Structures are given as C-alpha cells and as structure tokens.
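Visitor: Quick one: structure below, then a few questions.
Computed from the coordinates by the stated procedures, all read-outs in this text should not be read as laboratory data. Everything quoted here is computed from the prediction, not taken from an experiment. Note that each Cβ is placed from the backbone with ideal geometry, even for glycine, and that neighbours are counted across all protein chains shown.
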Amino acid sequence: MSRIPRSTTPATPRPPMTRSARHTRTKKASAQRLCDLQRAMEHYLIWHEAEGHSRKTELVYRKTLRPFFACLNDEQQIDDLGNLTLEHLRAWLVWLRNTPGPHDRPRSSKTIESYCRQVKAFLHWLYVEELLDHNPAERLKLPKAEKKHLRVFTDEEIKRLHEVCTPPQNGLGPEVRRMLTARNRAVLWMLLDTAGHGQAR
C-alpha cells in the first residue's frame, strides 16, 4: 500500500513587525506594568529623586496623589490609570470642592488649583515616559483660584498709629520720650512698608 505524500507547501511566513507596531506593543506592555496606582506614584517619586528635586517636592506629591488615588478607587472604581478619562478628572475636582480636607474644613480654591496642577504634571509625565498611551489631562483646565484682597489702612488709621508711637510721660524725660518715639515710628513704617510689598506680590 502506497503512502500519500505530505504536502510540501511551505508555511506562509509572518510579515516582519514594523517599528510602529513594536513601539505600540512596548507602550502597552509598559502601561500594563503600571496599572497599579501605588506603583505609578512610586515610579514618579523615584524620577523626582533621580532628577535631584527637593525632598519637599516629594512630600507635596505624596500629599496630593494619595487623596487623588483614594477618590479614583472609592468614588469612581478606577484602579487602572489606562482607563482614566477627562470626565473622571472633572469629577475628582468636584469631589475636592465638596469633600472636607484632613482637618474637616473645606479646601480653598488655591489648594484645589495646586492639586490640579500637580496631578496634571503627574499624568503628563506618565504620557511622556510612554507609560500611558494618552494623556487624559491634556484638555483639563486649571480651576480658577480666588484672589485675596488685603485690606489696607486708611490715612486716618495711619495717622492714629503714628500718634500712639509717642509713649506716655510716666516719669520719662523729654529726650528719652523723643528717642522712644523715633524708634517706635521706625518700626511702624518698616512694618507698613513690608506689608505693602507683600501685597504687591
């Protein structure tokens, strides 16, 4: 009985992977390795340390990113940064406004603006490092922070402050009172001048 010869048709070779396809696969693999929020933060903080940024910078980002991740986990059930969208970030900003801070006090608009700026920097870093295939914060606008207007002294109030710099007699001689008055007024004008520069900034 003769054997049926096997087909000798060669298998169709796979086309070589293009550079773009290899790049995409690498980015997806990197993103999968950083799906854990805590690991993403640790990678970010290691980068800050390697860049020589101050210890204070690391503490600031820890203070900011931990409540951000807590909101993603508890309020939005997000545990993979690859699933983060612009809508999630906007919902987080609303959560910041409506949820008391560590001391059971509302967060100021300046604090919320600072948190948003830091989270935007964090997500931008993940995208630049090719750990995310998109930047969900690219179109997120910084919330407006209220500007505090400091109350300034009126001319009448400054005049009264100027007058009370003269100490009562209380047995003091004219020369001593004159010297104390000059000292007190020098201190007063230094404080007023310093406050004015602080307000200008």
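Visitor: Counting Lys and Arg as +1 and Asp and Glu as -1, each charge on the Cβ, what is the dipole of the range 102-157 about the Cα centre in debye, to the nearest 20?
Guide: The calculated dipole for the range 102-157 is roughly 160 debye.
Visitor: If only Cα atoms are counted, what is the Rg of the range 155-200, and what is its Dmax, in Å?
Guide: 12.6, 43
Visitor: Sort largest first and round to whole Å: the equivalent ellipsoid semi-axes of the range 27-128, each the square root of five times a Cα gyration tensor eigenvalue. Intermediate results must be reported in sequence, preceding the final value.
Guide: On the way: eigenvalues 99, 66, 24 Å².
Taking √(5λ) for each eigenvalue gives 22, 18, 11 Å, largest first.
Visitor: Please compute the modelled spin-label separation between Arg97 and Lys56, points set 7 Å along Cα→Cβ, answer in nm with one decimal.
Guide: Roughly 3.0 nm, to one decimal.
Visitor: Given the Cα-Cα distance of Arg66 and Arg105 and 0.36 nm per residue of separation, how much length would full extension add, in nm?
Guide: 12.2 nm
Visitor: Only Lys, Arg, Asp and Glu count, each charged at its Cβ (+1, +1, -1, -1), so figure out the dipole size of the range 41-163 about its Cα centre, rounded to 20 debye.
Guide: It comes to approximately 680 debye.
Visitor: Just report the Cα centroid separation between the range 37-71 and the range 121-146, whole Å.
Guide: 15 Å
Visitor: FRET efficiency for Asn73 and Leu192, Cβ-Cβ distance as r, R0 = 45 Å, nearest 0.05?
Guide: 0.35
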